[in-house]
Amino acid sequence: AESIPAPLVAVANVVGKLGVAFFLERLDLMKRVGLSWGSTIGRLVSEFPTLDEPAKFTLLPLVGGLPTHDTASAGGTLIQALGQKCGVDVIRLIAPAIVESPETCAAFKRESGIQAALAAAATVDHAFVGIGSYGVRTSLSIVASMKLTPEEMAAFTSAKPAGDVCGRFVDDEGRPLGLPTSERVIGITIDELRQVPMGVGLAAELDKVRGVLATLRTGAIDAVILDRELARAVLTQNQRDRR
């Protein structure tokens, strides 16, 4: 998973454990479970126990692969690692999450296998996603991977990106941003995530306040799992913003 500074590991572990507890509480309700990538999702997977009996859901990727943020400590992707621990089938999405041009993105999406995987991702009943904050950790590498031109970067920053989920950026009011970044992501959209009956967002540490608030304001997240200090800061900032 993404390498995060040592002082943040303990906090991320706490959020991962809370994510596991929430996941296990809803185990019998799950039929099709979607998973994104990122450091906090990685902690959930690493903290997840191996189930005594196979679960009864199918596991699906919500977004393509991002090698620097989607590797499990035991090897393979996070979704494969979780699938092994749960003893369930895993649907694969063999495509990068982020590409360098709209043309490349369109070419990938013309492939029938990728179309099928993305269509399946939009049908999950539970989605567990990491929440990013613009300019912080994973968000930095997502933007870097897009290889935006100076003009595109200017257009992107002028739209005031605040947070991201599944590689999709939103502004402070939770509005999904369009071009140039929207056509460089191979994965579920914010609108599709909003249709998932139970969308669960995970984040750790105070530098995620802005991203968490922005993501919550999309209406695509039904439950959020945070560490105590981040949760307090999110509530405080929301009160300030609404004055």
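The values are calculated or read from the model by the stated rules, or taken from the named source; none is laboratory data. Given the structure is predicted, the values throughout are model-derived calculations rather than measurements. So basically every Cβ, Gly included, is an ideal-geometry build from the backbone, and we count neighbours across all protein chains shown. In case anyone asks, the SASA skips ligands and DNA or RNA and just uses the protein heavy atoms, side chains included. Shrake-Rupley method; radii C 1.70, N 1.55, O 1.52, S 1.80 Å.
Some values worked out for this structure:
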{"quantity": "Net charge of Cβ neighbours under 12 Å - reference Val200; Lys, Arg +1; Asp, Glu -1", "calculated": "-2"}
{"quantity": "Residues of type aspartates and glutamates that Lys31 reaches as a straight line, Cα spacing below 18 Å, ignoring anything fewer than 8 places off in the same chain", "calculated": "Glu53, Asp89, Asp125, Glu192, Asp222"}
{"quantity": "Within the chain: Cβ-based charge dipole about Cα centre, in debye rounded to nearest 20 (Lys, Arg +1; Asp, Glu -1)", "calculated": "360 debye"}
{"quantity": "Relative contact order (%) - the chain, alpha-carbon pairs under 8 angstrom, separation at least six", "calculated": "21 percent"}
{"quantity": "Choice from Leu18, Leu44, Leu27 showing the highest fluctuation, given a GNM over the chain with Cα pairs closer than 10 Å", "calculated": "Leu27"}
{"quantity": "Accessible solvent surface per residue of the chain, calculated while the other protein chains remain in place, 1.4 angstrom probe, Å²", "calculated": "45 Å²"}
{"quantity": "Positive-end residue, the chain charge dipole about Cα centroid, Cβ charges, pick of Ile94, His126, Gln84", "calculated": "His126"}
{"quantity": "All-pairs alpha carbon distance profile, the range 79-234, 5 Å steps from 0, percent", "calculated": "2, 9, 17, 21, 20, 17, 10, 3, 1, 0"}
{"quantity": "Formal net charge of residues neighbouring Thr157 (Cβ-Cβ distance under 12 Å; K, R +1; D, E -1)", "calculated": "-2"}
{"quantity": "Heavy-atom accessible surface of the chain: percent carbon and sulfur, 1.4 Å", "calculated": "53 percent"}
{"quantity": "Packing-based ranking, highest mean first, of 217-223, 130-136, 37-43, 88-94 given that Cβ atoms within 10 Å are counted", "calculated": "37-43, 130-136, 217-223, 88-94"}
{"quantity": "Under the Karplus curve 6.51 cos²θ - 1.76 cosθ + 1.60, θ = phi - 60°, whole-Hz ³J(HN,Hα) for the range 55-63, x wherever Gly or Pro sits", "calculated": "6, 10, 10, 9, 9, 10, x, 8, 8"}
{"quantity": "Principal axis dimensions, the range 18-117 - Cα atoms, whole angstrom, descending", "calculated": "45, 25, 20"}
